[in-house]
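Working notes, beginning with the structure itself.
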Amino acid sequence: MSSVLVFLETKNNEVSRISWEALAAGHVLAHGLSLPLDIAVVASPSNPILQKVQGKAPRKVYVIDDALLHAYTSDGYTAASAQLIDQIKPVSVVFPHTYQVRDFAPRLATRFNQVLISDVTGIEVSGNSATFIRQLLQGKLNADYHHAGDGISFLSIQAGAFRADEPQAGETTIEPFQPKLEASQIRVQPGEPFRASAQTVDLNSASILVSVGRGIKEEANLPIVQELAAALGAELAASRPICDAGWLPMERQVGSSGQTVAPKVYLAVGISGAIQHLVGMKGSQCIVAINKDENAPIFEVADYGIVGDLFEVVPALTAAVRKAKG
Amino acid sequence: MKIIVAIKQVPERDARIRIDASGKWIDLQDVEFAMNESDAYALEEALQLKEAHGGEVVVLSAGPERAGKTIREALAKGADRAIHIQSSDETELAKFDALGVARLLAAAVKDEQADLILAGLQSDDLGLGQTGVILAELLGLPHATLILKIEKTETGVKVLRELEDGWFQHLELPTPAVLTIQSGNSKLRYATLMGIKKAKTKEVKVVSVADLAASAQSQTPVVTLDAVKLPHKQRTTQILGGTPAEAAAALVEKLQFEVRAI
């Protein structure tokens, strides 16, 4: 019987948060289409994380296990996932939109003559037809997509777009799945993951973050945000281009390739708010944006906004903070 | 080393967003275009590899006539020649899904026998983030994504891949291979005056989308874009107006008495 198949991703024997969110998205789709939901995960069948998966009320949990999958490779994961999909023939395959999924899921979809609908932020089902919403132009535009034809649809779900489900009671069967893989199929040889430098700044312990983006224009202009951070007793953070340019160390980077933060106040200075940045900070309690472009996507998540030239607004704000603090 | 670099011309980052009459894309009138950011880094990696090991850099781009400007820019920076898959107007390529576009690219390069095909990791306009990966599957080549650095080895390449949360990983791949490049690892070069002059005489092979589609076993799109909309606001933003000093004072008051963070 056809189903919605959700792939979960694990890290250090934990199912990642974004995977639970993808599962929630899978439930929205399965419920709308009146289909059962199954889960697939690459793990050893004796792995304790499977106990946790059972609490989420899927029908079956397919546990894909092979020595050739112990280290992630695009070749191995594509081949193994394709074999499982061939066997169970789901209507739809749902992934969390992680770096790993971005690496192999488009290849997997191509193998079925399909296209991954990537980075989905919303699913609306009406009748038998689903509309998938994703962002264009760095978040400045939303688009409605649909899957045509009677093939399998492939989706990946953006971090934070769906609320992870509460555990529900239900019958679950664990089904080991042993793919047929040959070492010669794995053309990419992966090395051990490593961290570039020891993290000495923990952005998560700061209650206020002042975060700076492209709008600052030059490294020489950084002192104006540093002064604001000092006045507020805040830690300084940045969007990716600032760290790429070497103006601030990588460990201060917020976003999908940096840290995910949720401070009491997140003050975004000259940050337009590309998706990759928003996923790292949109859980903040209060978001303040200072930007010259009133249409910048950062204002979609901001509680307070100042539209203006940061070179005028930031020094004024520093002065006002100092005055308030006496 | 023969390297193909796939490059897309996209609206500039600060382009004004107005939805066009079709409701499926933005009005392109008065929009300026630029080379997609991560594609520019892919080109830079290709040029550096050529400088170190010799060979040829071939630019590959699909787009209407206007994309020729971005192609010339790549040639001026040092690419040797280009293949322009030219669409007859602004809408012809929109009729293809990502697989359809990748099929056109694959058909255009299949006889090139390149050692490496590089692409940016995603476009700044559609942001699908998969054209390079699909191309690898269509051509039967290994691939790796989110690559920051490429070194040549005896049998292929060793690459540095970005993982999440500040982690990295080295990978080794045999060539030919497809790599998608992450932005930001190196400093982009500017075209020199001499480069701009030379670019005018470099070969740009123009093939039409229609001709290529006929030979590329195209299929009906499996994914279609129905409509674009301006995003809903996720939170209600209170815009604090007035002079910079007035706005700053209002914000401090909010942070003090409503958010209670100061």
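A short reminder: the numbers here are calculations on the coordinates, not readings from a lab. Model, not experiment: these values are computed from the prediction. Here the Cβ is made from the backbone with ideal geometry for all residues, glycine too, and neighbour counts use every protein chain on show.
Could you work out the mean count of beta carbons from other protein chains within 10 Å of each residue's beta carbon in B:12-19? If you can, show how the numbers build up before the last one.
Working: counts 0, 7, 6, 2, 3, 5, 0, 1.
Averaged over the peptide's residues, the number is 3.
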Based on C-alpha coordinates, I'd like the Rg and Dmax of the range B:102-192, in Å. 13.6, 40
Using only DSSP helix segments of four residues or longer, with each worth -39500 (n - 2.57), what per-residue ellipticity at 222 nm results for the protein assembly as shown after dividing by its residue count and rounding to 500? -8500 deg cm²/dmol
Based on C-alpha coordinates, I'd like the Rg and Dmax of chain B, in Å. 21.4, 68
Can you give me the convex hull volume of the Cα atoms of the range A:4-185, divided per residue and expressed in Å³? 115
As I understand it, the value is the acute angle between the Cα axis of helix B:37-53 and the longest principal axis of the Cα atoms of chain B; what does it come to in degrees, rounded to 10? 40
With R₀ set to 35 angstrom, the calculated FRET efficiency between the beta-carbons of residue A:323 and residue A:200, to the nearest 0.05, is 0.60
Where both residues lie in the range B:111-233, what percent of DSSP beta bridges are antiparallel, nearest 5? 60
Distance in Å, no decimals, from the C-alpha centre of the range B:207-232 to the one of the range A:136-160 is 15
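If you keep only loop residues by DSSP, which GluC sites (Glu not before Pro) in the range A:212-254 have at most 11 other Cβ atoms within 10 Å of their Cβ?
Numbers: sites: A:218, A:219, A:227, A:235, A:251; in loops: A:218.
Filter output for the range A:212-254: A:218.
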Peptide A:286-293: average number of partner chain Cβ atoms within 10 Å per residue? 4
Once the mean 1/r over all distinct Cα pairs of the range A:203-325 is inverted, what Kirkwood radius in angstroms do you read off? 13.9
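Output the direction-averaged projected area (hull surface divided by four) of the convex hull of the alpha-carbon atoms of the range B:215-262, in nm². Could you put the intermediate results ahead of the total?
On the way: hull surface 31.2 nm².
If you wrap the Cα atoms of the range B:215-262 in a convex hull and average its projections, you get 7.8 nm².
Over all alpha-carbon pairs in the range A:281-322, figure out the percentage whose distance exceeds 17 Å.
Working: 298 of 861 pairs.
Tail of P(r) above 17 Å: 35 percent of Cα pairs.
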Restricting to chain A, compute how many DSSP beta bridges are antiparallel as a %, nearest 5. 20
Beyond 18 Å, what share of the Cα-Cα pairs of the range B:1-98 is found? Please give it as a whole percent. 50
Determine the percent antiparallel among the DSSP beta bridges restricted to chain B, to the nearest 5. 35
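When ranked by the protection proxy of mean other Cβ atoms within 10 Å per residue, highest first, what sequence do the peptides B:59-68, B:162-171 form? Mind dumping the intermediate values first?
On the way: B:59-68: 20.9, B:162-171: 17.1.
So the peptides B:59-68, B:162-171, ranked by packing, come out B:59-68, B:162-171.
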Binned at 20 Å starting from 0, the alpha-carbon pair-distance distribution of chain A in whole percents comes out as 29, 50, 20, 1
What is the percent of Cα-Cα separations in the protein assembly as shown that go past 40 Å? 27
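Over the range A:94-149, consider all pairs of different Cα atoms and compute the Kirkwood hydrodynamic radius from their mean reciprocal separation; express it in Å, one decimal.
Numbers: mean 1/r = 0.0808 Å⁻¹.
One over the average 1/r among Cα pairs gives 12.4 Å for the range A:94-149.
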If I take every Cα pair under 8 Å that is 6 or more residues apart in chain A, average their sequence separation and divide by the length, what percent do I get for the relative contact order? 16
When chain B is modelled as a GNM with alpha-carbon springs shorter than 10 Å, which of B:92, B:51, B:154 fluctuates the most? B:154
To the nearest 10 degrees, how steep is helix B:98-109 against the longest Cα principal axis of chain B, on a 0 to 90 scale? 30
Compute the long axis of helix A:74-88 from its Cα atoms, compare it with the longest principal axis of the Cα atoms of chain A, and write down the angle in degrees, 0 to 90, nearest 10. 50
